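Written out below as structure tokens is the structure these notes cover.
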Amino acid sequence: MAIRVMLVDDQVLLRTGFRMVLAAQPDMEVVAEAGDGVEALQVLRSTAVDVVLMDVRMPKLDGVETTSRICVDPNAPKVLILTTFDLDEYAFSALKAGASGFMLKDVPPGELLAAIRSVHSGDAVVAPSTTRRLLDRFAPMLPATGQEPRQKELQRLTEREREVMVLVAQGMSNGEIAARLVLSEATVKTHVGRILTKLGLRDRVQVVVLAYETGLVRAGGGQG
């Protein structure tokens, strides 16, 4: 089945450009569009969507709040944030709200398509090194208390799972983690899956955010 994509952006010209790129792909279909968050939430009530391409700055309801409302439902579509500025505080807030990744709007078409497929599969975070840089910048804004209830959740993990979680938070791919720990990539993928299940997280981006919030990893990528 084709990946069902929804475009949410207040600029019609940008939506048109994205639609043309996606329409040329045999495995993608643009099933809905919206010019702001309010309209997006209304459309999603009656339209089945797999991935939402979400602008952050929009009238009526911005992309961060819209993402937060979408991601309340565990079966909701994945959200990929598109932002104009790298390391944008809005993108950081959207990741905390449940977005599966973010990219710049001027990303080359090939990278955008790869990102959509990646987010849809749930196998990898979009641009993990960029996500890490974003978190490094905004880590000082996180609560200083260390999110104690969330810290207790980490006790559910085995020592190996904690080790894998740290490396995920440092921006490593499954292949890089496998090489570091001398494991097969399939084993690493299994560990990541167990981490997501035990901690009730949607994807690797949320693993990174939680690792910073709990102090498991600190700004700069070092282990806490």
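The values are calculated or read from the model by the stated rules, or taken from the named source; none is laboratory data. Remember, predicted model here, so these are calculated numbers, not experimental data.
Which residue, of G171, G193, G175, is modelled with pLDDT under 95 and not in a helix (DSSP H, G or I)? Show your work before the answer.
Working: G193 fails: not in a helix (DSSP H, G or I); G175 fails: not in a helix (DSSP H, G or I).
Of the residues listed, the single one that is modelled with pLDDT under 95 and not in a helix (DSSP H, G or I) is G171.
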| query | How many of the residues in segment 4-19 are at pLDDT below 95 and among the aliphatic types (A, V, I, L, M)? | reply | 3
| Enumeration of residues in segment 147-168 that are of a type in the set (S, T, N, Q) and in a helix (DSSP H, G or I) | Q151, Q155
